[in-house]
Structure formats: structure tokens, C-alpha cells
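Okay, so here's the structure we're looking at.
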Amino acid sequence: WSGRSLVGSLQSSWMRPIEYPFLIISIFNGVGGAFRLYDVLGVQPLGRISVEISKDANRVTRCTWPGVEELLDIEELTKQDVQRWANMYPRALEVHLWAGFPCVHLSRVRAYRQNLQGQGSRLFWKLLEVLQWVQEVFAGHAAVRFCIENVASMDEAARKEISSHLDVQPVKLDPSDTLPFNRPRLAWCSETLYEME
């Protein structure tokens, strides 16, 4: 009965997600956490673009969202890729860019960390370049909104450097109220976040 009930409700027209003209770009996508957020909210984007180097993670994303466009290596992204996205989604009114770049040399647990110059964490500079391309290419017809996150235990100097380049102050988040563990993160969001109970 439970299975039939679930299948019946999923096939119902009132359970279909609300379609909205926006594009999701998830850089360092992992298994698609950013995409899942919209599923939970019941919102259907025009398209999903994933940038993720892990083949295993890409397989999970591809199976869950079959229409996703996959790109493997952020370092191989070009401005022409971003222009192609704009041509593929000319009706997008918003672009939502999500990224959680590697914390390898930012985390306090790493001895001799090199912050934004270290292996992995230096990908912030490429992420920043891609964000600037997205803002430039989509300017005039789509609002670009972003959320970039990383480990909260980074050095203050690294936090300030990221903040100055993104022109946003981070918000400290920790899912300990909803999950059985602490995972403090810093999130640089282009949108204003409001505290909730």
C-alpha cells in the first residue's frame, strides 16, 4: 500500500515541481547536493550544469538527474563554455551558482597549510574567474546569485581574502540542529540570509 500510494502521489499533477526559468550551476558538485535542494523545495529549473572531477560522484548525479550537463575539470572551463550555457538557456531569468571548493590547505587540521596557494584550495582562483564570466555573460538578461562555502576553521587572513574578492561577508553555518554531528562552514552568499528558529 505504501509503495502504491507513493507512486500514485508522484504521478499526480499536483505533486509535480513548479517550473521556474532559472539555471543551476554546481561547481565541485559532488553527488549533487545543490540539485537536491531544489527537488526538496519542489522547484524545477530550466537546466542543471555540474562541474565535478570524480567519476563516481558524476555517476550518482547522472542517474539522479539524467538531463544534467557534466563537465569534469574546472581548470579546463573556458569563457566559451559559459557563453554556450547562455545560448542553451536564453530564457533563464536567474542563474544560481553553487560551489564548495576544496579545503585541503584551508582547514585548521592541516599542518603547514598554504591557504589559497595550496594544492586544491588554489582552485578558488579559477572558481572566482568562472563566477566573473557567468556574471559578465549573463548580465542584462539573468540575475546571477551565488553561494560559495568552505570550512569555518580557516585562518582569518584567508577568510578576509575570500571575502574581499567576493565582496561579501560570510555567514557561519552548522547543521548540528538537524544532523547528529557538527560541521561548521562559512558561506559567502550573494543573497541576504535571515536567522530562523
Subset of the range 106-142 (residues that are open to solvent by less than 50 Å² (accessible area, probe 1.4 Å), more than 20 Å from GLU76 (Cβ to Cβ) and in contact with a Ser or Thr (Cβ under 9 Å, 6 or more places away or on another chain)):
LEU106, SER107, ASN115
Going through the range 130-146 one residue at a time, which ones are charged (D, E, K, R) and within 14 Å of ILE25 (Cα to Cα)?
ARG145
Taking the condition of being at pLDDT 95 or above and over 17 Å from VAL95 (Cα atoms), how many residues in the range 26-52 meet it?
3
Reported set for the range 54-78 where residues are surrounded by 14 or more Cβ atoms within 10 Å (Cβ to Cβ) and in a loop (DSSP other than H, G, I, E, B) is SER54, TRP65, VAL68, LEU72, LEU77
(1) assigned to a helix (DSSP H, G or I); (2) within 17 Å of SER26 (Cα to Cα); (3) of a type in the set (Asp, Glu): which one isn't true of GLU149, the others all being true?
(1)
Only one of (1) part of a loop (DSSP other than H, G, I, E, B); (2) surrounded by 19 or more Cβ atoms within 10 Å (Cβ to Cβ); (3) touching a helix residue (DSSP H, G or I) at 6+ places or on another chain (Cβ under 9 Å) fails for CYS103. Which number is that?
(3)
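The values are calculated or read from the model by the stated rules, or taken from the named source; none is laboratory data. Predicted model, so just to flag it, every value in this text is computed and none were measured. Counting neighbours? That spans all protein chains shown, and the Cβs are built from the backbone with ideal geometry, glycine included. For the accessible areas, the whole protein counts, side chains as well, though only heavy atoms, and no ligand, DNA or RNA atoms are used. Shrake-Rupley method; radii C 1.70, N 1.55, O 1.52, S 1.80 Å.
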